[in-house]
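Quick notes on the structure that follows.
The values are calculated or read from the model by the stated rules, or taken from the named source; none is laboratory data. Since we're looking at a predicted model, the values are computed, not measured. Cβ coordinates were reconstructed from backbone atoms using ideal geometry, including for glycine residues, and neighbour counts include every protein chain displayed.
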Amino acid sequence: MSTARRQSIKAHTAGESPPDLADADVRARGLLLFDRHCRQCHGAPGVAPDAIGLGMNPSPPNFAQMGRDLPAPEIYRAVSNGIKLTGMPAWEFRLNESERWAIVALLNSSPALAPAEYQERRARLLSATLEETTPRSPEVFWKPEDAVRRGQVAIQQYACPACHVILGIRGPDAQVGPPLEGLAARIYPAGVLLNTPANMITWLRNPQEVKPLSAIPNLGVSERDARDIAAYLYTLR
């Protein structure tokens, strides 16, 4: 399975060229983003993973190994799309393109990054209260092609199956919220809005704004992802 995964990633990244990853500012942003989102599972030079990372099965790869063994485009694809059958999520749904490349830039430098240097950089950046400064990329113009397929992936990445049974989506036997089978044919899917594509997107993005007492949390669903999820939900007739 590991061989198949590596070969698949290699095939999908053939011919791709990364941006300049040697810029010190890009690597500094990458360190902050890695510390915020990735260190908990992968650890860092001289820093153990948190309890969640130590308890994962299979164990997440070590920080240094990723930069040593994989070309930058392959790291970027794994970061963006996640890896099935592991705990690795698709960060495309949470970080924009420049942020994901910043993490790759840091990992690309990892073989030469000693523990003392990593921890000094981390302490200096955090003490300076440097926050994530990369501007959010504008939403990519939504294209209807493959929207249903993208929506199926997005539903998994926003953990919708944790509460709902959704036809065609693998997940636990979740009975927290109602099953979504036949959602496209319902008149009031949220109980308060007519079932139209625009209202469905509004509901997906801001459920508690639409229905303040709803137990559905605001998951930070982007406009593009909401359109894709709606496209999939409208196949459930």
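Look at Leu32 and say whether it is closer than 12 Å to Ile103 by Cα and crowded, with 19+ Cβ neighbours inside 10 Å. Spelling it out, Leu32 is indeed closer than 12 Å to Ile103 by Cα and crowded, with 19+ Cβ neighbours inside 10 Å. Here Val176, Val165 are screened, and the one residue that is over 21 Å from the mean Cα position of the chain (by Cα) and at pLDDT below 90 is Val176. Of all the residues in region 37-72, those that are in contact (Cβ under 8 Å) with a residue 60 or more places away in the chain and touching a strand residue (DSSP E or B) at 6+ places or on another chain (Cβ under 7 Å) number 0. Going through (1) modelled with pLDDT under 90; (2) within 24 Å of the chain's Cα centre (by Cα); (3) surrounded by 11 or more Cβ atoms within 10 Å (Cβ to Cβ) one by one, Ser214 falls short only on (2). Filtered by the rule that a residue be closer than 21 Å to Met1 by Cα, more than 12 Å from the chain's Cα centre (by Cα) and part of a loop (DSSP other than H, G, I, E, B), region 71-124 gives Pro71, Lys84, Leu85, Thr86. Tell me, yes or no, whether region 164-177 has at least one residue that is assigned to a helix (DSSP H, G or I), hydrophobic (A, V, I, L, M, F, W, C) and either surrounded by fewer than 17 Cβ atoms within 10 Å (Cβ to Cβ) or in the same structural domain as Trp91 (by TED's automatic domain parsing) (or both). Looking through region 164-177, none of the residues is assigned to a helix (DSSP H, G or I), hydrophobic (A, V, I, L, M, F, W, C) and either surrounded by fewer than 17 Cβ atoms within 10 Å (Cβ to Cβ) or in the same structural domain as Trp91 (by TED's automatic domain parsing) (or both).
Scanning region 15-31 for residues that are closer than 16 Å to Ser80 by Cα and not in a helix (DSSP H, G or I) yields Glu16, Ser17, Pro18, Pro19. Being of a type in the set (Val, Ile, Thr) and touching an Asp or Glu at 6+ places or on another chain (Cβ under 9 Å) is a property that holds for Ile9.
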